[in-house]
1. Could you tell me whether residue B:89 is out of contact with any Ser or Thr (no Cβ under 7 Å at 6 or more places or on another chain), charged (D, E, K, R) and within 16 Å of DNA strand D (Cβ to nearest atom)?
2. Go through segment A:134-187 and give me each residue that's of a type in the set (Gly, Ala, Ser) and more than 8 Å from every other protein chain (Cβ to nearest Cβ).
3. All but one of (1) among the acidic types (Asp, Glu); (2) modelled with pLDDT of 95 or more; (3) within 16 Å of DNA strand D (Cβ to nearest atom) hold for residue B:59; which doesn't?
4. Identify all residues within segment B:27-38 that are closer than 19 Å to residue B:17 by Cβ and surrounded by 14 or more Cβ atoms within 10 Å (Cβ to Cβ); write none if there are none.
5. Looking at segment B:53-79, which of its residues are among the small types (Gly, Ala, Ser), without any contact (Cβ under 8 Å) to a residue 60 or more places away in the chain and either within 14 Å of chain A (Cβ to nearest Cβ) or more than 16 Å from DNA strand C (Cβ to nearest atom) (or both)?
6. Restricting the search to segment A:188-198, which residues are within 7 Å of chain B (Cβ to nearest Cβ), within 22 Å of the chain's Cα centre (by Cα) and not hydrophobic (A, V, I, L, M, F, W, C)?
7. If residue B:116 satisfies all but one of (1) modelled with pLDDT of 95 or more; (2) at the interface with chain A (Cβ under 7 Å from one of its Cβ atoms); (3) closer than 22 Å to residue A:190 by Cα, what's the number of the condition it fails?
8. Which residues, taken from segment A:21-52, are assigned to a loop (DSSP other than H, G, I, E, B) and either at pLDDT 95 or above or within 8 Å of DNA strand C (Cβ to nearest atom) (or both)?
2 protein chains.
Amino acid sequence: MKKMIARKEGEKAKLKAKILETAREMVIREGFDGLSIRRLAEKIGYAPGNIYLYFAGRDEIAREICRQSYAEMLLAIEPAAKVKDPVGRLKALLKSYADFAEGRPETYKLAFMQDPKFNEVMFRQTAIDEETGAVQKAFRLIVDALDELKQVGKIDKRANTNLLAEVLWAGVHGVVSLKLIYPAFPATPTSTLVGTMIRTLLNGLRVERRAPGSGRSDR
Amino acid sequence: MKKMIARKEGEKAKLKAKILETAREMVIREGFDGLSIRRLAEKIGYAPGNIYLYFAGRDEIAREICRQSYAEMLLAIEPAAKVKDPVGRLKALLKSYADFAEGRPETYKLAFMQDPKFNEVMFRQTAIDEETGAVQKAFRLIVDALDELKQVGKIDKRANTNLLAEVLWAGVHGVVSLKLIYPAFPATPTSTLVGTMIRTLLNGLRVERRAPGSGRSDR
DNA sequence: GTCTATAGGCTGATAGAC
DNA sequence: GTCTATCAGCCTATAGAC
């Protein structure tokens, strides 16, 4: 039975992709609130009801776009993972992350600044498949770089690299998200802010008397 | 003419305050999207049309709530400004800021994570009056603490304290905003993340060979 | 000042003809 | 599969009676 409609399923998949692509454009241009079934249907030249043949509803489309966005983010930062020097790699990773946010503001807003309704699944540790695990993979890249820094003695042996990766991520996220919402507030250019953030944090992580990130590390 | 309706204006102001208060509760409970003129009117026991006697429209109400939120934020962090030790003061300021965000999530979302439509005015340097300037005042408190640190030689003389204040603010904002959207992502408790963020940044700012925040400081 | 009524939109989602 | 028509609801804002 499933075999018999193989060709049709192929066509179905095509239209489904077109719906998704168009929906994505709408979200990127107008934000998530600008995504309406009616206007989406009109754009692809179909009646509104047809959308429901491919998606359960508007929320499912939004979730799918979210998944794509995370995959895109991972794709954007992955090249930086090839940098050999762990310090340079860390900087490259975080800077490419910031560039991604700046270059695709609406995508970033949807994926990282929106109601968790559409993406809470993404951050679960149980997430495994290719796209869903994009955030975890990206996070891993940062932790790995920090672990290398620990091994070569550039940061304290006792440092909690998971915690530090979270702090670094949050720090860069803070700059780019604030910038996306209030282009005028941090008056300094994003690149300078991100650069200073990364440099200062890394500087603060160098081996000193006290172990940074060692506080309450075991919970 | 204005004198003659003085009493009435007093009553007007009272109802206006009630509208605002109710609207504020709605936003805090349901988010900005949950603020509707109809339900607002119903809650205060008036017909929808009456709202327009006091406010030009929904957006004006939202803007007013925003103004209040900024004032509230300043109020929340101001006590920390009394701490004598500049390091302790800086930590106290940023921690009370984080506490404010955590304690009033919807208020914080509205004021710092929403479309700039309602609050872009707040970040302008020209903003002068009491409430509108709340953000600038709060920012000043941070810059002042950093300037003191500079004077006592705890951070480099060449440091751009304005830039550093922006980085610190953005760093804390990054933690709290990420937490508000994805309670599960940074698995670490907010207080630990904020603590590590502040400690690491300050640690990175101590006088070293290189001046942190001195890069591209003059623009 | 306050009301009712309504204009004029928008929305997601569904039923049933073809 | 695709359509039209529609349900059922939301919304902001305004007009005009009382």
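The values are calculated or read from the model by the stated rules, or taken from the named source; none is laboratory data. Note that the coordinates shown come from a computational prediction; the quantities given were computed from them, not determined experimentally. No Cβ is skipped: glycine too gets one built from the backbone with ideal geometry, and neighbour counts run over all protein chains shown.
1. On the way: out of contact with any Ser or Thr (no Cβ under 7 Å at 6 or more places or on another chain): yes; charged (D, E, K, R): yes; within 16 Å of DNA strand D (Cβ to nearest atom): no.
No, not satisfied.
2. Keep residues of segment A:134-187 that are of a type in the set (Gly, Ala, Ser), which gives A:134, A:138, A:145, A:153, A:159, A:165, A:170-171, A:174, A:177, A:184, A:187.
A:134, A:138, A:145, A:153, A:159, A:165, listed by residue number.
3. Every condition holds for residue B:59 apart from (2).
4. Of all residues in segment B:27-38, those closer than 19 Å to residue B:17 by Cβ come to B:27-29, B:35, B:37.
Once the filter is applied, which keeps residues that are closer than 19 Å to residue B:17 by Cβ and surrounded by 14 or more Cβ atoms within 10 Å (Cβ to Cβ), segment B:27-38 yields B:27, B:28, B:35, B:37.
5. Here is the first cut: in segment B:53-79, the ones among the small types (Gly, Ala, Ser) are B:56-57, B:62, B:69, B:71, B:76.
Retained after the next criterion (residues that are without any contact (Cβ under 8 Å) to a residue 60 or more places away in the chain): B:56-57, B:62, B:69, B:76.
If the condition is that a residue be among the small types (Gly, Ala, Ser), without any contact (Cβ under 8 Å) to a residue 60 or more places away in the chain and either within 14 Å of chain A (Cβ to nearest Cβ) or more than 16 Å from DNA strand C (Cβ to nearest atom) (or both), then B:62, B:69, B:76 are the ones that fit.
6. Initially, segment A:188-198 is screened for residues within 7 Å of chain B (Cβ to nearest Cβ), giving A:188, A:192-193, A:195-197.
From the residues that got through so far, the ones that are within 22 Å of the chain's Cα centre (by Cα) too are A:192-193, A:195-197.
A:192, A:195, A:196, listed by residue number.
7. Residue B:116 satisfies every listed condition except (1).
8. Quick first cut of segment A:21-52, residues assigned to a loop (DSSP other than H, G, I, E, B) only: A:31, A:35-36, A:45-47, A:52.
Passing the criteria: A:35, A:36, A:45, A:46, A:47, A:52.
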